[in-house]
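What follows is a single structure, written as structure tokens, with notes after it.
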Amino acid sequence: MEVYYVQNKTSMIINTILMVVVGVLFIINKDLALELGFIVAGICLIIAGLIPMIMAKRADAMGIILIIMGVVLLLVPNLMADITTVIIGVVAIVVGALIAFGGAKAEGSPSAFTIVVGVLIALAGILIFMGNDIAFLIFGVMLVVAGVVNLITLLKK
């Protein structure tokens, strides 16, 4: 079974706006961006838990779990942002190391580009642990650029 994701113009407009807004928030203040992200996620989880139960006119375990998760995100978004930051740092270090070692052990000759990319990803993870927000700043700039590219694509349609 294959799953295809097709973007219509409306979803592309929404994605473009979200990319630019989240990107600017990461550039301005990554903590605020993460906190607002978890608040929005909490609201979405609560809605995702409530709507099926309202439609079925009965409570179910999954709906209750989604509502509880949503409430937790709403009550402690800063804690969730801190946990997520740590997870992002760990994942970046591990993935970067795997990419770098994979490039170094490549069949034939080592891939310098792959090694450099892996080292940069691992370095971004280390910087996150050191409290350096440069990785989030770069991520924010990348989101804004992607949003602008989407906007240009939309205007050409």
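Figures for the structure shown
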| item | result |
| --- | --- |
| Tabulated pairs, the range 129-157, first surrounded by 12 or more Cβ atoms within 10 Å (Cβ to Cβ), second outside any helix (DSSP H, G or I), C-beta under 9 angstrom, 6+ apart or interchain | 133/29 |
| Test: residue in the range 65-83 that is within 19 Å of residue 129 (Cα to Cα), free of Cβ contacts under 8 Å to residues at least 60 places away in the same chain and of a type in the set (Val, Ile, Thr) | yes |
| Long-range neighbours under 7 Å by Cβ, at least six apart or interchain, first residue in contact (Cβ under 8 Å) with a residue 60 or more places away in the chain and aliphatic (A, V, I, L, M) within the range 25-54, second in a helix (DSSP H, G or I) and surrounded by fewer than 18 Cβ atoms within 10 Å (Cβ to Cβ) | 25/32; 25/36; 27/137; 27/141 |
| Of all residues making up the range 1-21, the number that are buried (at least 16 other Cβ atoms within 10 Å of the Cβ) and at pLDDT 80 or above | 2 |
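The values are calculated or read from the model by the stated rules, or taken from the named source; none is laboratory data. Since we're looking at a predicted model, the values are computed, not measured. Every residue, glycine among them, receives a Cβ derived from its backbone with ideal geometry; neighbour counts consider all protein chains shown.
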